[in-house]
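Here's the structure we're looking at; comments come further down.
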Amino acid sequence: MYDVLIIGAGVVGCAAAMELSKYKLSVCVVEKESDVCEGTSKANSAIVHAGFDAKPGTLKAKLNVQGSKMMPIFAKKLDFAYKQNGAMVLCFDKADLPKLDELKQRADLNGVDGVSVITGDEARKLEPSLTDEVCGALLAETSAIVCPFEMTLAFAESALQNGAEFKLSTKVESIEKNDNGFSVSTTNGILDAKIIINAAGVYADKIHSLVSSKPMRITPRRGEYLLMDKAAGGVVSHTVFQLPTKMGKGILVTPTVHGNLLAGPTAENIDDKEDLATTKGGLDEVKAKGALSVKNIPFGKVITSFSGLRAVGDTGDFIIRESDVKGFIDAAAIESPGLSSAPAIAEYLCGIVAKLMPLEKKENYIDTRKGVTHFNSLSENEQNELIKKDPSYGKIVCRCETITEGEILDAINRPLGATTLDGVKRRTRAGMGRCQAGFCSPTTMALIAEKLGIKIEDVRKNGVYAERRQDHE
Amino acid sequence: MNEFDLIIIGGGPAGMAAAVSAKKAGIDDLLILERDSVLGGILNQCIHNGFGLHTFKEELTGPEYAEKYADMVREQQIPFELETMVLAVEKLAGSNKKAVTVISSMRGVQTLYAKAVILAMGCRERPRGALNIPGSRPQGVYTAGTAQKLVNIEGAKLGREVVILGSGDIGLIMARRMTLEGAHVAAVAELMPYSSGLKRNIVQCLDDYGIPLLLSHTVVDIKGKDKLEGVYIAKVDEKNQPIKGTEEYYPCDTLLLSCGLIPENELTVGAGVEIDPRTNGAIVNESLETNIEGVFSCGNVLHVHDLVDFVSEESARAGENAAKYILKGSDHSGKVLAVKAENGVRYTVPSKINTVNLSELNHIRFRVTGVYKNVSIVVRSGETELLRKRSQILVPSEMVDLILKKDKFDGLNDDISVFIEEVGQ
């Protein structure tokens, strides 16, 4: 019997597990995929929003602003990439300029510092690649970019090292409410828990309806993105948003924390919770809208395109509360700014749990975590010391991103380690460069095959291995 | 210990040929750096035959061809270091020395120095992302060369029902290879109205196995969540845009991409070498020397070749020229003539010639921009025609190699144009 069972190992589930692992509780996270960060958390804009956009008084506003302030501290303690690069919201039509002032007022009401309205020329002075059509902008200095994979992994690994359990490749099939709490049937056996946190992303409505008769509807909203080569990463230094125009909702153009250039997303409500396909129309829309903001975006340097699904609820706000079923807590409809809010959502969830059972702090909580060593970011001296200690760091496997065999082995062998090519990619960036794993995938596949004791052709890009249990304690 | 006359980056066919000829020309203090665990580069995974007809007058497999050069490297005691990757090349300010930063388990991260450097890093495949094919991103989509490595080196069994996009040579070779592995290759789709592979590969790898080549077709959608389930192939119009209504569904578990090779010039760019946007390789002169004195480029990193024999020949020249540079220095006294690609010619290598440095026999290599039948290749400088050569057919997939004697260049003052001329009635 667990005290708390968290369904979903996305950024919200993992952050909640980390937060709860500070207390003397037994916590377990179940995830239907074979890795953490396999849903909405892996395909988004990777922005830590400043918090000026959300409607004042909403949970979105409150948790975004809190989360944004917590993020740099977590990034440092838990070793994930984060950079405060600032953001701009661009205005292309003088008639729309008052909307910038409205955003500024929202920022003030939400308690966001460092926000100001600037002219088009001032914006171009800060970002010389902006188009001449820009006639004004909102500047938000505290906006930041982050690595969403590392962030989610950092929360998960921190939770694990503080005693939380993870059951991956474990799909929840039904939930039964009983006197002690819940009995949860999964593809990995029955799990009992006093409290459930539903952090199932686009599936949160399905999980919710397993116990509650009150309706909830989560609509997957697909967003398509184009990712460009690092050679294009310097086109802008700020994250550049748009006010809505006659072409509809704007898209953003931003550097990523690792130095690529990202443009997107589109916004299209779809029915299929698994449909991550990109479309010609969607990608063309990203190109057309991106060109409004930034001159000469080098779309010839696209290295990959992808889609993500936002979990959009029907209230306009996050749904984070104990449901009508006692002990069953929803953390649902976590669309943007969900990534930015995740650490604050976790604290908020902890507050809800505290009302249901007494929480007592652990004495030996470890509040730091060390991620995979990124060889490329070390000094030459540090690199040489590492190679001396472990010669596998002297072997480059991924040429484009200069990722060593040592890093890949670390990603595979560490707790909650990678079992798929995408898992290695998210932990190390091997395969994320301009050749998109053409050269490194055979080597990476061979290393995974050896670790798992399977044939190389059976190594998966992502997804669940049949008959392979993945419990991490 | 870390100073060399010549460092050769890459131990594939280009690097080995360059090293062997530099050694022959009198350079003893040289070093080959190879990132893989064996010499030979991409040839090691090319287990089919058809290599070496020009160089050795016999038909060899890729590994056999590589082994012949590796034997020469060992016989001539040319030092080489494996599993060693070059991270940066830089010309030192105020000196002609080049700094080469390397990483290996043995050396750690270290900087080596050389009087001359030959860039011979080869090329890589254009990945799916760069092709902008919409659809989902399931398992089962590989570039043809990656698939070739998985099948031929790692012994993986990739799939049973295969579609190939792009008719580059590796794609054609893999169509046959997958068939021999027991898979069914449903089709090879090619965006252009002509194949980008060699004629002999189309005959031997597709026709002989009854595999259809769909010209002016492309993949417009990819289906399958975790694993590939199928692709939609559509016909394209003369602007290469898919024609609505022509989509046809091909169920498959494997999609191979053979849509172009890109010279791998990250080091080159980092060193400050000027790149020719037409080839994605360095801009070189008659000596295959880049704009940085003492830095040479050859093989697929310079421009993508279709025959390894041409790579070896070109690289041997780079080795010789590097030796000459090391032993005698540069001679800038001659006249520099630009070599211009004009009507029907996409690019030329070299793109400039210093007449004082010409050899007895000089090569101009190029590819045509489209299919040309019954035409003349013309090389001209002002009013002087250096060469006129009839050709029954010229295709973009086959590199043209022109050889001009030194005396042809005597007294030339005007830039050199290379172009295709329709043969008059």
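Observations, loosely collected:
- Between segment B:293-351 and segment B:139-215, the Cα center-to-center distance that results, in Å: 32 Å
- Neighbourhood net charge (14 Å Cβ-Cβ; Lys/Arg +1, Asp/Glu -1) for A:LYS194: -1
- Calculated FRET efficiency for the pair A:ASP390/A:ASP314, C-beta based, R₀ 56 Å, to 0.05: 0.60
- Here r is the Cβ-Cβ distance between A:ILE118 and A:SER237 and R0 is 25 Å; the resulting FRET efficiency, rounded to 0.05, is 0.95.
- Proximity of backbone amide H atoms, modeled 1.01 Å from N, is registered between B:PHE4 and B:TYR113, B:ALA114, B:LYS115 at under 5 Å, excluding neighbours fewer than 5 places apart on the same chain.
- Non-local lysine pairs in segment A:375-472, meaning eight or more places apart or on different chains, with alpha-carbon distances under 29 Å, amount to 12.
- If R0 is 22 Å, the Cβ-Cβ spacing of A:GLU173 and A:GLU347 corresponds to a FRET efficiency of close to 0.10.
- Eligible lysines near B:LYS24 by straight Cα distance, threshold 21 Å, same-chain separation 8 or greater: B:LYS68, B:LYS115, B:LYS324, B:LYS328
- Label-point gap, in nm, between B:LYS328 and A:ASP272 - each point 7 angstrom along Cα→Cβ: 6.7 nm
- The value given for segment A:35-153 is a Kirkwood hydrodynamic radius of 15.3 Å, derived from the mean inverse Cα-Cα separation.
- Of all aspartates and glutamates in the structure, the ones whose alpha carbon falls short of 12 Å from that of B:LYS389, not counting any fewer than 8 places away in one chain, are B:ASP401, B:GLU421, B:GLU422.
- Chain A, helix-only ellipticity at 222 nm - DSSP H runs n ≥ 4, -39,500 (n - 2.57), divided by all residues, nearest 500: -9500 deg cm²/dmol
- Helices in chain B, meaning DSSP H runs of at least 4 residues, each add -39500 (n - 2.57). Divided by all residues, the mean residue ellipticity at 222 nm is -5500 deg cm²/dmol.
- Dimensionless Rg/Rh of segment B:267-425 - Kirkwood Rh, Rg from C-alpha atoms: 0.96
- 5 angstrom amide H check on B:LEU198, placed H, neighbours 5+ away: B:ASP169
- Relative to its residue count, chain A spans a Cα convex hull of 145 Å³ per residue.
- Counting beta carbons within 10 Å around each of A:VAL11, B:VAL379 and listing the fewest first gives the order B:VAL379, A:VAL11.
- Taken residue by residue and averaged, Cβ atoms of other chains lying within 10 Å of the Cβ of B:102-111 number 6.
- Cα centroid separation, segment B:1-63 to segment B:387-425 (Å): 30 Å
- For the protein assembly as shown, Kirkwood radius (reciprocal of mean inverse C-alpha pair distance, Å): 29.7 Å
- Cα-only Debye scattering, chain B: base-10 log of I(q)/I(0) at q = 0.07, 0.08 Å⁻¹: -0.36, -0.47
- Close amide H pairs (under 5 Å, H built 1.01 Å from N) link B:ARG346 with B:ARG367, B:VAL368, B:THR369, residues at least 5 positions away or on another chain.
- Normalising by residue count, segment B:256-295 has a Cα convex hull of 84 Å³ per residue.
- Given their separation in residues at 0.36 nm each and the Cα-Cα distance between them, B:ARG160 and B:TYR113 gain 11.9 nm when the chain is fully extended.
- In terms of the mean number of neighbouring beta-carbon atoms within 10 Å, the peptides A:264-270, B:358-364, A:279-285, A:418-424 order highest first as A:418-424, A:264-270, A:279-285, B:358-364.
- Dipole magnitude (debye, nearest 20) for the protein assembly as shown, charges at Cβ of Lys, Arg, Asp, Glu: 860 debye
- Spin-label model, B:LYS408 to A:THR58: label points 7 Å out along the Cα-to-beta-carbon direction sit 7.2 nm apart.
- Computed 3J(HN,Hα) for segment A:423-437, one whole-Hz value per residue from the Karplus formula 6.51 cos²θ - 1.76 cosθ + 1.60 where θ = phi - 60°, is x, 5, 4, 5, 7, 10, 6, 5, x, 9, x, 6, 8, 6, 6, glycine and proline marked x.
- Taking a ≥ b ≥ c as the square roots of the eigenvalues of the alpha carbon gyration tensor, segment A:298-374 is oblate, as a/c is not under 1.5 and a/b does not beat b/c.
- D (Stokes-Einstein, µm²/s), Kirkwood Cα radius, segment A:375-472, 1.567 mPa s at 4 °C: 94 µm²/s
- Once the chain from B:GLU247 to B:LEU215 is taken as fully extended at 0.36 nm per residue, the excess over their C-alpha distance is 10.1 nm.
- Karplus (6.51, -1.76, 1.60) ³J(HN,Hα), θ = phi - 60°, over segment B:10-26, in Hz, Gly and Pro reported as x: x, x, x, x, 5, x, 5, 5, 5, 5, 4, 6, 5, 5, 4, 7, x
- Take every pair of alpha-carbon atoms less than 8 Å apart whose residues are at least six positions apart; their mean separation over the length of chain B yields a relative contact order of 15 percent.
- Sparse-neighbourhood loop sites, GluC sites (Glu not before Pro) in segment A:349-408 - DSSP loop, at most 11 other Cβ within 10 angstrom: A:GLU360, A:GLU363
- With each label modelled as a point 7 angstrom along the Cα→C-beta vector, the A:LYS94-B:ASN96 pair spans 6.4 nm.
- Normalised by the number of residues in segment A:32-164, the average gap of Cα pairs under 8 Å and 6 or more apart makes the relative contact order 37 percent.
- Across A:LYS55/A:LYS171; A:LYS42/A:LYS206; A:LYS167/A:LYS206, pairs whose alpha-carbon gap is larger than 25 Å: A:LYS55/A:LYS171
- Table column - 3J(HN,Hα) (Hz), segment B:43-52, Karplus curve with 6.51, -1.76, 1.60, x for Gly and Pro: 4, 4, 9, 8, 7, 7, 9, x, 9, x
- Estimated Rh, segment A:283-434: Kirkwood, alpha-carbon pairs, angstrom: 20.1 Å
- Whole-Å distance, taken between Cα centres, linking segment A:67-143 and segment A:232-301: 17 Å
Throughout, read-outs are computed from the coordinates displayed, never taken from laboratory work. Because the structure is predicted, anything quoted here is derived from the model rather than measured. When we count neighbours, we look across all protein chains shown, and the Cβ atoms used for this are built from the backbone with ideal geometry, even at glycine.
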